[in-house]
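Asker: Mind having a look at this structure? Questions to follow.
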Amino acid sequence: MLHAVMLFILAGLAEIGGGYLIWLWLRESRPAWYGLTGGLILVLYGIIPTLQKFPSFGRVYAAYGGVFVILSVLWGWGIDRKTPDIYDWIGALICLAGVAVILWAPRQG
C-alpha cells in the first residue's frame, strides 16, 4: 500500500509541477526553458502510473484523480499561497474516500 501511495504522490507532483512550469512560461512570461522543463516532467508523469501494481488502467487513473485533487489543494496552499477553505478540505476528504473505495474495496473475481 505504501508503494501505491508513494507512486500516486510522485505522479501528482510531476503532473502539477510540470503543468505549473508551463503555466509560468505561458501565463507569466517566464523563459522558454520553463515550458520545456515542464513538458519533460509531464512526460515522466505519463510513465509513473505504469509502475503501479494494480492491473486496471482505468482504476489506477480514477484513483489517481482523487489524489491529484488533494495534491492540487495542497499545492495551491503551499506554492500559490491560496489558503483552502472548508469546502476545499471537505472536497479533498471526499476524494480521499473515493480513492480508498476504488483501490481497496473487496471485489469478487
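Asker: When residues of segment 71-98 are filtered for being in contact (Cβ under 8 Å) with a residue 40 or more places away in the chain, assigned to a helix (DSSP H, G or I) and of a type outside the set (Gly, Ala, Ser), how many remain?
Answerer: Counting residues in segment 71-98 that are in contact (Cβ under 8 Å) with a residue 40 or more places away in the chain, assigned to a helix (DSSP H, G or I) and of a type outside the set (Gly, Ala, Ser) gives 2.
Asker: Select from segment 99-109 the residues that are aliphatic (A, V, I, L, M) and in a helix (DSSP H, G or I) and write down the one among them that is farthest from residue 10 (Cα to Cα).
Answerer: Restricting to residues being aliphatic (A, V, I, L, M) and in a helix (DSSP H, G or I), the top hit is 101.
Asker: List the residue pairs whose Cβ atoms are under 8 Å apart, where the first residue sits in segment 21-49 and is closer than 16 Å to residue 11 by Cβ and at pLDDT below 95, the second is hydroxyl-bearing (Ser, Thr, Tyr) and part of a helix (DSSP H, G or I), and the two are 6 or more positions apart or on different chains.
Answerer: 49/61; 49/64
Asker: Let me ask another. Among the residues of segment 54-63, is any surrounded by fewer than 17 Cβ atoms within 10 Å (Cβ to Cβ) and over 30 Å from residue 100 (Cβ atoms)?
Answerer: no
Asker: Please determine whether any residue of segment 76-88 is more than 25 Å from residue 23 (Cβ to Cβ) and in contact with a His (Cβ under 8 Å, 6 or more places away or on another chain).
Answerer: no
Asker: Further question: Which is over 27 Å from residue 3 (Cβ atoms), among the small types (Gly, Ala, Ser) and touching a helix residue (DSSP H, G or I) at 6+ places or on another chain (Cβ under 9 Å), of 66, 35, 98, 91?
Answerer: On inspection, the qualifying residue turns out to be 35.
The values are calculated or read from the model by the stated rules, or taken from the named source; none is laboratory data. All figures in this text were calculated on a predicted structure; none of them were measured in a lab. Here Cβ is always computed from backbone atoms with ideal geometry, including for glycine, and neighbour counts include all displayed protein chains.
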